[in-house]
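The structure under discussion appears below in the form of structure tokens.
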Amino acid sequence: MSRRAEAPVRVLMPRGLAALARESGIGAAMRHQEKAVRALGHQVVTNPLRGFDVVHLNTPFPDTPLLARWARLRRRPVLMWAHSTEEDFRDSFPGSNALAPLFRRWIAHLYRLGDAVVTPSGYAKQLISAPAYGIRTPIRVLSNGVDTSFFRPDPQARPRLRAALGLEAEATVVLSVGMQLVRKGILDWVELARRMPEVTFVWYGRTDPRLLTAEVERALASAPPNALFPGYVQAEQLREAYCGADAFCFLTKEETEGIVLWEALACGVPTLVRGIPLYREAMPDGVLTHQVSGDGPEFPAQAAARLRELLGGELEDLTEAGRRAAEGVDLAEVAQALQEIHTLAGVRAHAKARSLTRAA
């Protein structure tokens with residue numbers, strides 16, 4: 001994927017409570033980081049009691065500040081990934097809107113523990129640069145990236161996807177991926193399926209039922225028969241879905257990047273997204289994606305009209321442009337940018353750290 005670094009280092013990416021984020025976007029981002037680290041010839045260490053040269057911290061869980069302070073005691077640089085903001089915490093779980101200001105104070109405290117903060121987009125950097133976060137350390141932008149050698153177009157996937165879903169060979173399939181949250185657009189997505197009974201809508205991903213809000217529970221319980229929820233699937237099945245779908249419809253209301261969108265673009269599927277600030281700025285309507293803006297009672301009707309245009313071939317084909325853009329954030333490119341961040345943060349190999357872990 002990339003040339004090996006001349007001075008390999010040991011990168012601590014502790015498991016701990018991070019395992020709780022396995023099925024989330026943060027979990028995917030961490031897996032991408034591991035691939036980028038290894039592509040550079042570095043070693044990933046998961047046990048904080050072993051020797052390490054730098055720590056990457058990604059989750060807003062209670063063990064994160066302990067791990068940051070442990071690294072400081074060892075005089076090792078701390079890179080804090082800012083995947084979360086107050087904005088994308090809202091409309092997530094029961095009580096999240098009321099807790100959002102407290103959550104912002106908590107993540108701001110965590111981010112301030114880093115020798116550098118890494119965030120996946122310029123939009124996210126703008127949000128966490130606000131005075132309320134109080135971050136004085138450098139904030140670097142580094143995409144979470146996508147493995148374009150894995151997520152790539154496959155014209156043969158169309159019949160396989162329909163067979164796997166038990167659909168007719170000519171069925172029109174529209175895909176979305178993510179946790180089942182209001183923020184991810186699940187309410188509008190279900191209403192969109194209701195307005196387009198001639199299309200099969202498939203949502204991959206799940207949320208622990210104990211964390212579903214009442215309105216999401218009602219939406220899932222009352223979803224029309226053309227709305228399917230296969231749950232969380234492995235990457236191979238997800239790739240098959242991207243490549244076999246007629247469109248990817250991502251109605252999220254807030255993102256710091258959205259790895260699933262890069263995966264869809266890498267697979268060459270026509271894409272419709274909600275025109276949130278991140279996508280309006282980073283990929284204006286009609287450049288990499290087609291977009292529909294708004295958030296209200298009229299939104300599902302507007303989205304349905306736009307989606308019919310996309311499925312009917314009335315909108316410009318942007319799939320080649322989307323694939324090229326995804327190649328620009330391939331994990332090989334991300335790895336090289338990560339190496340630059342390591343250099344700026346003063347990351348270096350420690351002989352003592354290597355000797356402590358030679359048998360690990």
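The values are calculated or read from the model by the stated rules, or taken from the named source; none is laboratory data. Keep in mind that what you see is a predicted model, and the values were worked out from it rather than measured. Reconstructed Cβ throughout: ideal geometry from the backbone, glycine too, with neighbour counts over all protein chains shown.
A few comments on the model shown:
- In the set Leu127, Leu113, only one residue is surrounded by fewer than 20 Cβ atoms within 10 Å (Cβ to Cβ) and within 24 Å of Ala28 (Cβ to Cβ); that residue is Leu113.
- Residue in region 213-223 that is over 20 Å from Thr289 (Cα atoms), surrounded by 15 or more Cβ atoms within 10 Å (Cβ to Cβ) and out of contact with any helix residue (DSSP H, G or I) (no Cβ under 8 Å at 6 or more places or on another chain) present: yes
- Search result, residues across region 157-195 that are in contact (Cβ under 8 Å) with a residue 12 or more places away in the chain and in a loop (DSSP other than H, G, I, E, B): Leu167, Ala171, Thr172, Gly178, Met179, Gln180, Leu181, Val182, Arg183, Lys184, Gly185
- Members of region 322-338 found to be polar (S, T, N, Q) and either outside any helix (DSSP H, G or I) or buried (at least 24 other Cβ atoms within 10 Å of the Cβ) (or both), listed by number: none
- Positions within region 65-98 being aliphatic (A, V, I, L, M) and either crowded, with 16+ Cβ neighbours inside 10 Å or modelled with pLDDT under 95 (or both), in sequence order: Leu67, Ala68, Ala71, Val78, Leu79, Met80, Ala82
- Of the helices (runs of 4 or more DSSP H) lying entirely inside region 232-292, those containing at least 1 residues that are in contact with a Lys or Arg (Cβ under 8 Å, 6 or more places away or on another chain) span 235-244, 259-266.
- Count of region 196-222 residues, restricted to those that are in contact (Cβ under 8 Å) with a residue 24 or more places away in the chain, of a type in the set (A, V, I, L, M) and farther than 23 Å from Ala163 by Cβ, is 6.
- Gly268 being surrounded by fewer than 24 Cβ atoms within 10 Å (Cβ to Cβ) and at positive phi: yes
- Among the candidates Val37, Val55, Val45, Val9, the residue that is free of Cβ contacts under 8 Å to residues at least 60 places away in the same chain, buried (at least 20 other Cβ atoms within 10 Å of the Cβ) and closer than 29 Å to Phe150 by Cβ is uniquely Val55.
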